[in-house]
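Asker: Please find one structure pasted underneath; my questions will follow.
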Amino acid sequence: MPFFTISGSDFVEMFVGVGASRVRDMFEQAKKNAPCIVFIDEIDAVGRHRGNGIGNSNDEREQTLNQLLVEMDGFEANEGIIIIAATNRPDVLDPALLRPGRFDRQVVVPIPDIDGREKILSVHMKKVPLAPDVNPRTIARGTPGFSGADLANLVNEAALLAARRNKRLVAMQEFEDAKDKVMMGSERKSMVMTDDEKKMTAYHEAGHAIVAVHEDASDPIHKATIIPRGRALGMVMRLPERDNYSYHRDKMHANLSVSMGGRVAEEIIFGYDKVSSGASSDIQYATDLARNMVTKWGMSDKLGPLQYEQSHEGYLGMGQTTRTFSGAETNKLIDAEIKNLVEGSHKRATEILTDHEDQLHLLAQALLEYETLTGDEIRQLLETGKVDRADEPKGPVIAQPTHGSSIPKAGKRFGGSGEAPQGA
């Protein structure tokens, strides 16, 4: 059976009538080759809701869409022609496209679950030589939320790392390093950091980690590092134990507390006046989460289970969020509830880190020594007071590194200019 494929953007032209003409030509070819399948990719380029255009509503895109609607369900029956289309934005499609007689069925392709990720990885891994220790199931468990393209990129990054290391086979270590690169960004080993900045970063990340350990609803820690990655000076990466499809109130509060852990650690260790700007991304995350809890998810006892904000779709996907209740008293109460949630999480993080300040010091010193710790190593450190590594001398954690650091040192901050935020 013939198979025709075209992108929705191929229909759209600046000149009047060209797009509609291309639609007619496509269906003429389909009729000549019937039975056949016509696949239109990114149909939202031409199938957006009519009437949202700028200026004249009868623009070229709408003419093209009108012709497509006529061809799909016109006066002449197009027997033997099956139309399949794909889009990432079904919410912006014109309702006429989705009515019975045109696109009868909608098939949602979600992010793959753990079984799907394992099978997708197995397909992409056939293209690279693998070491015996590579286990697709283990990699799939550690990549929740990855799409098929993300997994393909992960395999490609692992193969590139193996090539740079002059290895003939791609081992599990390459996949772990590639996963860290994809999730947390590339290591910035050329970034200049002073000893004081390293210490500040270590306590900041240790604060996140200690709060996460003592919050029962928090996801387990996957890895903590003070090596700069992407735009962050350090990072604590948490991964869920299984695929999550909804989030509970206790987990939201736990995430709020963990996000405040870095700033609180700076306050406890270095004092009020030495708190840095490194928590900017943490504050943004906490504020956004608290706002959604209050205005969208009904997590405020004072405001009740009502929706106070909604998103409006605009032209070409550009939209905005507005409050459905615009009264001054209501807005004041919403803002107060958001503030109370964030300040409550700050108080909770302060209580945890004050009660476990010894663990905060222990983990920060370990990060200064090893620079990167896995979740298992953090748990081992908090239980036994030391980290056992095959290539490291065994014994208690000490403050100063005993081996070469991957973070360059210098007297000037970041080479003399600029600041970099510390990631959570």
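The values are calculated or read from the model by the stated rules, or taken from the named source; none is laboratory data. Every value quoted in this text rests on a predicted model; they were computed, and no experiment measured them. All Cβ positions, even for glycine, are placed from backbone atoms using ideal geometry, and neighbour counts span all protein chains on display. For accessibility, only protein heavy atoms count, side chains too; no ligands or nucleic acids. Shrake-Rupley method; radii C 1.70, N 1.55, O 1.52, S 1.80 Å.
Asker: Starting from the Cα-Cα distance between N33 and Q106, subtract it from 0.36 nm times their residue separation and give me the gain in nm to one decimal. Don't jump to the answer; show the numbers that get you there.
Answerer: Working: separation 73, 0.36 × 73 = 26.28 nm, distance 2.54 nm.
This chain segment gains 23.7 nm when fully extended.
Asker: Between I82 and A217, how many nm apart are label points set 7 Å from Cα along the C-beta direction?
Answerer: The answer from the label model is 4.6 nm.
Asker: Based only on Cα atoms, what mean projected area does the convex hull of the stretch 212-351 have, in nm²?
Answerer: The Cα convex hull of the stretch 212-351, projected and averaged over all directions, gives 11.1 nm².
Asker: Tell me, what % of the accessible area of the stretch 70-177 is carbon and sulfur with a 1.4 angstrom probe?
Answerer: Carbon and sulfur atoms account for 54 percent of the accessible area of the stretch 70-177.
Asker: Based on the mean of other beta carbon atoms within 10 Å per residue, what is the order of 262-271, 199-208, 357-366, 34-43, most packed first?
Answerer: 199-208, 262-271, 357-366, 34-43
Asker: Under a plain spin-label model, where a point goes 7 Å from the Cα along Cα-to-Cβ, how far apart in nm are K274 and R99?
Answerer: About 7.0 nm separates the two model spin labels.
Asker: Could you check the spin-label model distance between A149 and K386? Points 7 Å from the Cα along Cα→Cβ, value in nm.
Answerer: 4.9 nm
Asker: Sticking with this one: Calculated FRET efficiency, R24 and N166, Cβ-Cβ r, R0 60 Å, to nearest 0.05?
Answerer: Values: r = 57 Å, r/R0 = 0.95.
Plugging the Cβ-Cβ distance into 1/(1 + (r/R0)^6) gives 0.55.
Asker: Name all residues of the stretch 88-118 having a backbone nitrogen under 16 Å from the label point set 7 Å from the Cα of D41 along its Cα→Cβ direction, giving them as ranges.
Answerer: In the stretch 88-118, the label zone of D41 (backbone N under 16 Å from the point 7 Å along Cα→Cβ) covers 88-89.
Asker: To continue, here is another question. How large is the accessible surface per residue of the stretch 189-283, computed with a 1.4 Å probe and reported in Å² as a whole number?
Answerer: On the way: 4000 Å² over 95 residues.
Accessible surface, normalised per residue, equals 42 Å².
Asker: Right, next: Report the gain in length on full extension from T138 to K189: 0.36 nm times residue separation, minus Cα-Cα distance, nm rounded to one decimal.
Answerer: Computed gain between T138 and K189 is 15.5 nm.
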